[in-house]
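The values are calculated or read from the model by the stated rules, or taken from the named source; none is laboratory data. Only a predicted model underlies this, so the values are computations on that prediction, with no experimental measurement involved. When we count neighbours, we look across all protein chains shown, and the Cβ atoms used for this are built from the backbone with ideal geometry, even at glycine. Surface accessibility is based on the protein's heavy atoms, side chains included, excluding ligands, DNA and RNA. Shrake-Rupley method; radii C 1.70, N 1.55, O 1.52, S 1.80 Å.
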Amino acid sequence: MKTPLRHLITALGLAFTLGAHAAEPAKPESIRIAVPDLSAGSKPSAGGVVDVLRDQQLLEKAFAKDGIRIDWHFFKGAGPVVNEALANGQADFAYLGDLAAIVGKANGLDTRVLSAGVRGVKSYLGVVPGSGIKTLQDLKGKRVAVFRGTANQLSFASALASQGLSERELKVINLDLNAANAALAAKQIDATWGLSNLLSLRERGLVELPVNSRDLEGAGSTQAVLLGTGDFIRKYPELVQRLINAQQQASAWLRDEHNRQAYIDLVASNANWPRNILSDDLAKEDLAHYFDPRLDADFVGQLQQGVDLAAKERLIRRGFQVADWVEPRFLDAALQQEQPVQAAR
């Protein structure tokens, strides 16, 4: 082959190779994950799979070979602030409760549900001792604190609806969980709808807990999801798969009953919550189900009920189909990779 022709072919091949690489987006310097901060102390904590991922450095290890940094961003303002971060392009993924995720999607955020985070989290009705409030029906006309814009609000709406009630029959006050607990202890409100941190107030005789979502056959429980932005998923599907694979390691650890006490110790240390409170809250939970990451028909159905209720209660302008929102392919692939390992045991 003549030299000029050889040079031309080489140049064309080089140009094609460079063009192919140019079509692929460069890997990001970091992966940004937004999470509501549920900690009562100085260290951030979200419980569940987030605390396990961070404690075991699973994501950092998964992306170390590419020099991709994992940036965890914890927000005390919970779901609404996380949605702002997503809207402003400041986060690629988010672990969120169901209502905040639903509100973000309904308001036009380009997100996809990549996995379940936790399902069936208990909520509690906390009331002033001696108030005489024994049921949700007794809340009519009472001052009740609810953390609006979060899963807490949707779970309360679900609990009320199960008893034929709505917020409009109550005097609802918007307070975050810590402020609500303080107001209840000071008898500035009659009741609040909250999470397991109310158990610590009960221990001190500052609150009674006459009703929880388990008493209501699950009505009023909350779910959480892992969201990914559409932009990141389209650009970096391989990185999304790697993240989900790493999350599955944390999920498998969480669902192993042998790790129950280690998990309680971890969250107690991170969130500065009493161990006995966490232990009591999880006492009757099947961890394999509680932390099941699958986007199965039951979980998708629970999310759809949340969307429909949010639309009915005018928490969002219009509903949508959760089936069009979920993106199970990454989790399905991760679960298929686990099967040969499980079969070999």
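With a 1.4 Å probe and all protein chains left in place, how much accessible area per residue does region 123-264 have, in Å²?
Accessible area per residue: 41 Å².
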Exercise for the section: For region 26-132, state which trypsin sites (Lys or Arg not before Pro) are in a DSSP loop and have at most 13 other beta carbons lying within 10 Å of their beta carbon. Expected result: Lys76
Fill in the blank from the handout: Taking a ≥ b ≥ c as the square roots of the Cα gyration tensor eigenvalues, with a/c under 1.5 meaning rounded and otherwise prolate when a/b beats b/c or oblate if not, region 122-214 comes out rounded
Exercise for the section: Quote to one decimal, in nm, the extra length available between Glu285 and Arg255 on full extension: 0.36 nm per residue of separation minus the C-alpha distance between them. Expected result: 9.7 nm
Handout entry: Amide H partners (placed H, <5 Å) of Ser39, local residues excluded
Key = Ser45
Completion exercise
Two pseudo-spin positions, 7 Å from Cα along C-beta at Glu169 and at Lys187, lie apart in nanometres by 2.7 nm
Exercise for the section: Could you pull out which residues in region 207-223 have an amide N less than 16 Å from a spot 7 Å beyond the Cα of Gln137, following the Cα-Cβ vector? Expected result: 211, 216
Handout entry: Residue-averaged 222 nm ellipticity for the chain, from DSSP H runs of 4+ at -39500 (n - 2.57), nearest 500
Key = -14000 deg cm²/dmol
Practice task
At a Cα cut-off below 29 Å, give the lysines reachable from Lys312, other chains included and same-chain residues fewer than 8 away excluded.
Solution key: Lys76, Lys105, Lys122, Lys134, Lys140, Lys142, Lys171
Completion exercise
Nearest-0.05 FRET efficiency for Arg202 and Asp265 at R0 = 25 Å, using Cβ-Cβ distance, is 0.70
Handout entry: Rel. contact order, % - alpha carbon contacts under 8 angstrom, at least six apart, region 109-234
Key = 49 percent
Problem - Lys, Arg +1 and Asp, Glu -1 on Cβ, resulting dipole of region 122-214 about Cα centre, debye, nearest 20 - result: 60 debye
Handout entry: Diffusion constant of the chain at 4 °C, which comes from Stokes-Einstein with the Kirkwood Cα-pair radius and 1.567 mPa s, µm²/s
Key = 60 µm²/s
Practice task
Could you tell me the distance between the Cα centroids of region 87-116 and region 129-158, to the nearest Å?
Solution key: 26 Å
Completion exercise
Of Thr192, Thr229, Thr135, the most mobile residue in a GNM of the chain (C-alpha springs, cutoff 10 Å) is Thr135
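Among the trypsin sites (Lys or Arg not before Pro) within region 201-245, which fall in a DSSP loop and have no more than 12 other Cβ atoms within 10 Å of their own Cβ?
Arg204
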Fill in the blank from the handout: Taking Cα pairs closer than 8 Å and at least 6 residues apart, the relative contact order of the chain in percent is 24 percent
Exercise for the section: Heavy atoms only, probe 1.4 Å: what % of the accessible area of region 208-345 goes to carbon and sulfur, would you let me know? Expected result: 46 percent
Fill in the blank from the handout: region 122-214: antiparallel bridges as % of DSSP beta bridges, rounded to 5, reads 55 percent
Exercise for the section: Starting from the Cα gyration tensor of region 193-318, take the square roots of the eigenvalues, sort them a ≥ b ≥ c, and report rounded, prolate or oblate (rounded when a/c is under 1.5, otherwise prolate if a/b is larger than b/c, else oblate). Expected result: oblate
Completion exercise
Candidate cut points under trypsin sites (Lys or Arg not before Pro) in region 278-320, DSSP loop plus at most 12 other Cβ atoms within 10 Å of their own Cβ, are Lys284, Arg314, Arg317, Arg318
Practice task
Might you report the magnitude of the Cβ-based charge dipole of the chain about its Cα centre, with Lys and Arg at +1 and Asp and Glu at -1, to the nearest 20 debye?
Solution key: 580 debye
Practice task
Any chance you could check the Cα centroid distance between region 232-259 and region 159-221 for me, in angstrom?
Solution key: 33 Å
